[in-house]
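Visitor: Below you will find the structure I want to go over with you.
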Amino acid sequence: MTKLILSTGNIVSGGPSIIRKPGAFRSNLELTNSLRSNFIAAQEDYAAELAESHETANGHTNGTTNGVDAEAGIGGRPPATAWTARKDGILYVPAIEWDAHGLQEEPAEYDITAKLFFLPGAPVSQRPQYAKQALEHVLRELRAPAVDLLIVSFPGMSFEGDCEWEADKKNAAQGNDEDEIATWPAIEELHRAGLAKKLCLAEFGSEKLARFLQRVQVRAAVNQINLKNCCDVPPPLAKLAKEQGIELLVHSDCTDILPKGTLRELLGQGLGGAGLLADPETGAGGLQGDLTPQWVVKYTAVVRDRGVIEYKGYFAGAGLVDE
Amino acid sequence: MGLLCQLLEIWNKAKGKERDIMLWGDEVEYLVVTYSKDDPKILLSLRQADILEALASDKALAKAKCAPALPDGSNAQTSQPPPVFHPEFGRFMLEATPGKPWGIGFKELLEVEPNMKLRRCIAKDHMLSNEYPITLTTFPRLGSPGVFTEPYYPPSGSRLRSQFVPDEIANPHIRFPTLAANIRSRRGRKVQVNVPVYRDENTPWPWRDPTVNYDLHQWPEDDDVRNGASPDNFIHMDAMAFGMGSCCLQITFQAKNLTEGRQMYDQLSPLGPILLALTAATPVYKGFLADTDVRWNQISKAVDDRTPEELGEKPLKNDRWRIPKSRYASNSTYISEDHRLRPEYFDPDLVVDEDIKQQLLDGGMDDRLATHFAHLFIRDPIVIFSEDLKELDLSKTDHFENIQSTNWQHMRFKPPPADNSIGWRVEFRPMEIQITDFENAAFAVFIVLITRVILSYNLNFYIPIKKVDENMETAHARDAVLDRRFFFRRNLFPARARVPPPPARLGRLHPEEDTESGDDFPGLIPLVESYLDSVNVDVATRCRLAAYLDLIRRRASGELWTAARWIREFVARHPEYKRDSVVGEGITKDLVEAVIRVGEREAKGERLGSCGVVGLERLLGGLR
């Protein structure tokens, strides 16, 4: 199996893709747009470098075979090897120049938040590895020793509907309590190791939250919820949060943030795709096999006393099983 | 050149100042009026000094019985020390600021509104029972014939020589009458504040200001009106009080360092006219409906000390240069060393004192900032106190502040004080005061969030400075927010590293686009929402912030009225209004009474709804 890690780099000054469009509430456009534009940027950078080196030496860059098509891509795309990188069994899309990253000031000056999305199709048993890997990448990118808040989002949960009471009730039957509780020790481990100062859940309604709190060792200090009108917190949830001293934060992410089809489109040969996947229809070469998105982590670093977002980005992990 | 020494002293001491945290402050200005149910007249109270005295001698300000709950149950108990009250130019005015600056914690943003209410309540508590602090920008009948102040003083005094307002209208501190007298004497005539009158169905046309007296012969300046100072179809005013007697909402930000301060100064500058139009609240002058909605140009004219030579009316003989703008005007410089600042954005007609600029350059200042200050220094200092001149103390900043504080551009770049205890600051000055503290808090918080958006997303709002000037004029039009379009940059986002920064792609922004996305211009409100989506905000805070953004979004779309539109509607629907542009005493009383009633309900934490006031639901949209 090949492991892929997709990344956006710092998107905070990345232009319109990060701006919420009216009517596109709770979409994953920020993730998909910024991945796409980061792929294109990496390809263009390569093309520009190539043009420069052609001018000077009229040379030719040799692609070493990565198991990825090393030939010049279809439709003028640069070869995958030129803008992706393979390291420790992971294919980075695009290649990451770790040296170019990091925060400008001391890590203590920031509030760093990471939100980890476990995706629906990936095995629950692998979640400890996913969590560890996701957080490692965030800390490496920011060159920070820990995140201040680690938010965990489990698949299959949301607050739906106009009536918030209704949403809270529905929520009670969503997700999978056993899977969520089985996953939590791995998250607690990250906390104990000092990598995540506070833990946070996402989309837990009052009933689920009450059940969850009874069965875990390190409690979540925060619950992040999405409400159409954030003035209408379901009263049972508001009450429970108050009793338990849990802070309720707002978000506008969607839970199924990277569906399988979307990932294939992002990496595929189609219009706007990165051209990494083989396409039997067009005969384009590339990665073969079944591609499964496993996790996504969104991270932000905000300068605490100035309210300035200095860094925001995503990593996404996926597995490719050869057929 | 004491000023320059002081400025260079500040510069050399503070240019390396780093990592100051984000602090900010708001200033709310009030008119003080007398009102009682049975008295047919509403008057301006001239008891500023007594009120300030009462406030200053009350050591228990913080324990005042003023801690009203907001409709959502939160209250005004904040971490703040008691608010601070200040004198203002008009003797009928009062200014209040928070007891200490605000930070950027989102919960702290929510303390602003209760704190503003607390300030108003404390102010009221130290007034006579028939006095009220209100936040209309101007008193509708300031300068009308008859009695409009309490106590009454006759006009035509030696200081102002105004035929409409008495000398006693101004704060008696020596600074203020001196300022007014010096402006008049420098000009060689009185100031001329002429506002186009609004032409209604029954307004005689051409319209001649019926309150102008052409037969006054007390002062040489009484000749002004005989020499054409009062043209047809304009409301004519002749004193500094008509401008400087306006209330506004000013916000000051502390920057992280010099570079960030310069960036904020430049980037907020093009937003000034848009926020002026959105906060428009000034449709009445001297008892007549004006054809404009905002105070800006009136203040500009009210402190315009340019001589006929500087104005270009006479050939230059004694003066050094022609000066295109009043000392109160929209910005004339950009000051950042941002690579995105292209040469064509600068004002080609900028006047600078080249000698001063050279001295600043020699003193180690860079070209752009030296140009900025050398531009401010083309103005004479109009108030200098002899005690300051006796001993020039480099550890103080008074001399520099003298020039700085009598240059009123829509942004102000403020160097740290002599002791370096505060960082580089930027003041955002164009907004008009709003009737309720809910609205004032909404606009204050909005502009604070906009600065965070600009810095986070590294946005580029640069447009040619001449276009900002033009926008400032556009903002004056009646209902500019609905009917006019503003030059606005459409490509705000940074280009990728390899590409040089693109020139401004100018669009005509309709403020409604604040809420929509046209091509790649996302709109200001979606930018703020995207910012809030990217930071951790608790549910209750986000809910309250959403109400603020909602107010501004609906003002921009025209769904809700500006205060100017509300006042016009109030006048138009009043039984005494004869469609002749005249806002009489009866209308004024009912208008101010309505404002007082809304203020009382807001102070008690009651829902405002319509509370029996004409059109109030269109002003506030049921958000409070």
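The values are calculated or read from the model by the stated rules, or taken from the named source; none is laboratory data. Predicted model only: the values in this text are computed from it and were never measured. When we count neighbours, we look across all protein chains shown, and the Cβ atoms used for this are built from the backbone with ideal geometry, even at glycine. For the accessible areas, the whole protein counts, side chains as well, though only heavy atoms, and no ligand, DNA or RNA atoms are used. Shrake-Rupley method; radii C 1.70, N 1.55, O 1.52, S 1.80 Å.
Visitor: Please tell me if B:F487 is in contact with a strand residue (DSSP E or B) (Cβ under 9 Å, 6 or more places away or on another chain), modelled with pLDDT under 95 and either open to solvent by 10 Å² or more (accessible area, probe 1.4 Å) or in a strand (DSSP E or B) (or both).
Guide: Spelling it out, B:F487 is indeed in contact with a strand residue (DSSP E or B) (Cβ under 9 Å, 6 or more places away or on another chain), modelled with pLDDT under 95 and either open to solvent by 10 Å² or more (accessible area, probe 1.4 Å) or in a strand (DSSP E or B) (or both).
Visitor: Could you go through the stretch A:58-65 and let me know if any residue there is within 23 Å of the chain's Cα centre (by Cα) and at pLDDT below 90.
Guide: no
Visitor: Test A:G272 against the stated conditions and say whether it is touching a helix residue (DSSP H, G or I) at 6+ places or on another chain (Cβ under 9 Å), touching a residue at least 24 places away in the same chain (Cβ under 8 Å), more than 14 Å from chain B (Cβ to nearest Cβ) and not in a strand (DSSP E or B). Working first, answer last.
Guide: Details: touching a helix residue (DSSP H, G or I) at 6+ places or on another chain (Cβ under 9 Å): yes; touching a residue at least 24 places away in the same chain (Cβ under 8 Å): yes; more than 14 Å from chain B (Cβ to nearest Cβ): yes; not in a strand (DSSP E or B): yes.
Taking the combined requirement at face value, the residue satisfies it.
Visitor: Have a look at B:L43, B:L70 and point out the one that is aliphatic (A, V, I, L, M), under 30 Å from B:S129 (Cβ atoms) and modelled with pLDDT of 95 or more. Give the steps one after another, and end with the answer.
Guide: Details: B:L70 fails: modelled with pLDDT of 95 or more.
Only one candidate passes the filter, namely B:L43.
Visitor: While we're here: Within the stretch B:333-352, how many residues turn out to be within 29 Å of B:M240 (Cα to Cα) and open to solvent by less than 10 Å² (accessible area, probe 1.4 Å)? Walk me through it before giving the result.
Guide: The initial filter retains those residues of the stretch B:333-352 that are within 29 Å of B:M240 (Cα to Cα), namely B:333-334, B:347, B:349-352.
With open to solvent by less than 10 Å² (accessible area, probe 1.4 Å) added as a condition, the list becomes B:333-334.
Qualifying residue count for the region: 2.
Visitor: Report yes if some residue within the stretch A:216-229 is more than 22 Å from the chain's Cα centre (by Cα), under 17 Å from B:L532 (Cβ atoms) and of a type outside the set (D, E); otherwise report no.
Guide: The answer is yes, given that some residue of the stretch A:216-229 is more than 22 Å from the chain's Cα centre (by Cα), under 17 Å from B:L532 (Cβ atoms) and of a type outside the set (D, E).
Visitor: Out of everything in the stretch B:532-576 that is under 22 Å from the mean Cα position of the chain (by Cα) and β-branched (V, I, T), what residue ends up being farthest from the other protein chains (Cβ to nearest Cβ)?
Guide: So the residue we want is B:I567.
Visitor: Same structure, new question: Can you pull out every residue in the stretch B:579-624 that is out of contact with any Pro (no Cβ under 7 Å at 6 or more places or on another chain), part of a helix (DSSP H, G or I) and aliphatic (A, V, I, L, M)?
Guide: B:I587, B:V592, B:A594, B:V595, B:I596, B:V598, B:L616, B:L619, B:L620
Visitor: Next up: A:V218 passes all but one of (1) more than 13 Å from every other protein chain (Cβ to nearest Cβ); (2) of a type in the set (V, I, T); (3) not in a loop (DSSP other than H, G, I, E, B); which number fails?
Guide: It is condition (3) that A:V218 fails.
Visitor: Considering every residue within the stretch A:304-323, establish whether at least one is assigned to a strand (DSSP E or B), away from every other protein chain (no Cβ under 14 Å) and open to solvent by 60 Å² or more (accessible area, probe 1.4 Å).
Guide: Among the residues of the stretch A:304-323, at least one is assigned to a strand (DSSP E or B), away from every other protein chain (no Cβ under 14 Å) and open to solvent by 60 Å² or more (accessible area, probe 1.4 Å), which makes the answer yes.
Visitor: To continue, here is another question. Which number in (1) over 30 Å from B:P151 (Cα atoms); (2) crowded, with 22+ Cβ neighbours inside 10 Å; (3) at pLDDT 90 or above marks the one condition that B:K13 misses?
Guide: So the condition that B:K13 fails would be (2).
Visitor: Sticking with this one: Of all residues in the stretch B:518-531, which are assigned to a helix (DSSP H, G or I) and either more than 8 Å from chain A (Cβ to nearest Cβ) or under 16 Å from B:F438 (Cα atoms) (or both)?
Guide: Within the stretch B:518-531, B:L524, B:I525, B:V528 qualify.
Visitor: Filter the stretch B:570-589 down to residues that are under 24 Å from B:D209 (Cβ atoms) and open to solvent by 30 Å² or more (accessible area, probe 1.4 Å), then give me how many there are.
Guide: Residues flagged as under 24 Å from B:D209 (Cβ atoms) and open to solvent by 30 Å² or more (accessible area, probe 1.4 Å) within the stretch B:570-589 amount to 7.
Visitor: Just a yes or no: is a residue in the stretch B:547-564 free of Cβ contacts under 8 Å to residues at least 12 places away in the same chain, in a loop (DSSP other than H, G, I, E, B) and in contact with a helix residue (DSSP H, G or I) (Cβ under 6 Å, 6 or more places away or on another chain)?
Guide: The answer is no, given that none of the residues of the stretch B:547-564 is free of Cβ contacts under 8 Å to residues at least 12 places away in the same chain, in a loop (DSSP other than H, G, I, E, B) and in contact with a helix residue (DSSP H, G or I) (Cβ under 6 Å, 6 or more places away or on another chain).
Visitor: Do we have any residue at all in the stretch A:31-42 that's closer than 17 Å to A:W295 by Cα, out of contact with any Leu (no Cβ under 7 Å at 6 or more places or on another chain) and either at pLDDT below 90 or at the interface with chain B (Cβ under 10 Å from one of its Cβ atoms) (or both)?
Guide: no
Visitor: Within the stretch A:275-288, track down each residue that is part of a strand (DSSP E or B) and open to solvent by 20 Å² or more (accessible area, probe 1.4 Å).
Guide: A:D279
Visitor: Any chance the stretch A:185-200 includes a residue that's part of a helix (DSSP H, G or I) and more than 20 Å from A:Q126 (Cβ to Cβ)?
Guide: The answer is yes; a qualifying residue exists.
Visitor: While we're on this one: Name the residues in the stretch B:447-472 that are away from every other protein chain (no Cβ under 14 Å), open to solvent by less than 10 Å² (accessible area, probe 1.4 Å) and outside any loop (DSSP other than H, G, I, E, B), would you?
Guide: Within the stretch B:447-472, B:I465, B:V468, B:N471, B:M472 meet the criteria.
Visitor: Which numbered condition trips up B:F413, out of (1) open to solvent by 40 Å² or more (accessible area, probe 1.4 Å); (2) modelled with pLDDT of 85 or more?
Guide: The one condition B:F413 does not meet is (1).
Visitor: Does A:D232 satisfy the criteria of being crowded, with 21+ Cβ neighbours inside 10 Å, part of a loop (DSSP other than H, G, I, E, B) and within 12 Å of chain B (Cβ to nearest Cβ)?
Guide: No, not satisfied.
Visitor: Check A:L263, A:L237, A:L291 and return the single one that is open to solvent by less than 10 Å² (accessible area, probe 1.4 Å), modelled with pLDDT of 90 or more and assigned to a strand (DSSP E or B).
Guide: Every option except A:L291 fails the conditions.
Visitor: On to the next question. Restricting attention to the stretch B:278-327, report how many residues are under 22 Å from the mean Cα position of the chain (by Cα) and either closer than 15 Å to B:V351 by Cα or part of a loop (DSSP other than H, G, I, E, B) (or both).
Guide: Residues that pass the stated criteria total 19.
Visitor: Which condition number in (1) over 30 Å from B:S326 (Cα atoms); (2) out of contact with any Phe, Trp or Tyr (no Cβ under 9 Å at 6 or more places or on another chain); (3) at pLDDT below 95 is the one that B:L455 fails?
Guide: The number of the failed condition is (3).
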